[in-house]
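The values are calculated or read from the model by the stated rules, or taken from the named source; none is laboratory data. Please read these numbers as outputs of a predicted model, since none were measured by experiment. Don't worry about glycine lacking a Cβ; one is built from the backbone with ideal geometry, like all the others, and counts go over all protein chains shown. Note: areas computed on protein heavy atoms with side chains; ligands, DNA, RNA excluded. Shrake-Rupley method; radii C 1.70, N 1.55, O 1.52, S 1.80 Å.
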Amino acid sequence: MFEVYYLSFFGIWALLSLVVIEAIIAMGASRSQKKYTPGILNSDLGPESFVFRSDRAFKNSLENIVPFLGAAIISILLSMDPMRLARLVLVYVLARYIYTAVYYSIATRKNPSLRSLFYLVGFIVTIIMLVDIGWFLLK
């Protein structure tokens, strides 16, 4: 039954891998601080600091993965259209990878920034998935 969701599972794996990679990068960057205290970022850090940006990118991923994964898993369990789900999952994952790359590479206090665009793409995909689930359940 789950074979038809291979691409969705691949996308979910790629997303989980990204979050683990972000965690490793954030931990490494945090430990590079001159005054390192485990679990505490220097409050003077801002977007110009890679330590700050890597920590914020990781935390943003944690915040956004919960509704996305919930929607993806519910969609699979409801046997919703596997190709539509795969497209949505892959768009979300691609947006998150680009979001992370942009956040790591561009230090800005401007909002909205380029990373905001990719955040928004992922957020809209999550909303689409939740609406799809709602329509499916109302049928």
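The stretch between LEU77 and LEU120 holds 12.9 nm of extra length on full extension. This uses 0.36 nm per residue minus the Cα-Cα distance. With θ taken as phi - 60° and the Karplus curve 6.51 cos²θ - 1.76 cosθ + 1.60 applied, the whole-hertz 3J(HN,Hα) list for the range 96-111 is 5, 5, 5, 3, 5, 4, 5, 4, 5, 9, 10, 8, 8, 9, 5, 9 Hz, x standing for glycine and proline. LEU45 sits among other residues whose Cβ lies under 15 Å from its own Cβ, and their net charge, with Lys and Arg +1 and Asp and Glu -1, is +4.
Coupling constants for the range 75-82 follow from the phi torsions by the Karplus curve (6.51 cos²θ - 1.76 cosθ + 1.60, θ = phi - 60°), and in residue order they are 4, 5, 5, 7, 6, 6, 3, x Hz; glycine and proline get x.
Summed over the residues of the range 1-98 and divided among them, the accessible surface reaches 57 Å² per residue at a probe radius of 1.4 Å. Okay, which of the range 1-29 sit inside 14 Å, backbone N to the point 7 Å along the Cα-Cβ direction of ARG84? Of the residues in the range 1-29, none has backbone N under 14 Å from the label point off ARG84. Only the Cβ atoms of Lys and Arg (+1) and of Asp and Glu (-1) were treated as charged; on that basis the dipole of the chain about its Cα centre amounts to roughly 400 debye. When the solvent-accessible area of the chain is split by element, carbon and sulfur atoms take up 71 percent of it, the probe being 1.4 Å. Residue by residue, the range 5-17 carries 3J(HN,Hα) couplings of 9, 3, 5, 5, 5, 4, x, 5, 4, 4, 5, 4, 4 Hz when phi is fed to the Karplus relation 6.51 cos²θ - 1.76 cosθ + 1.60 (θ = phi - 60°); x denotes Gly or Pro. Straight-line reach from LYS59: taking Cα to Cα under 27 Å and skipping same-chain neighbours fewer than 8 places apart, the lysines in range are LYS34, LYS35, LYS110.
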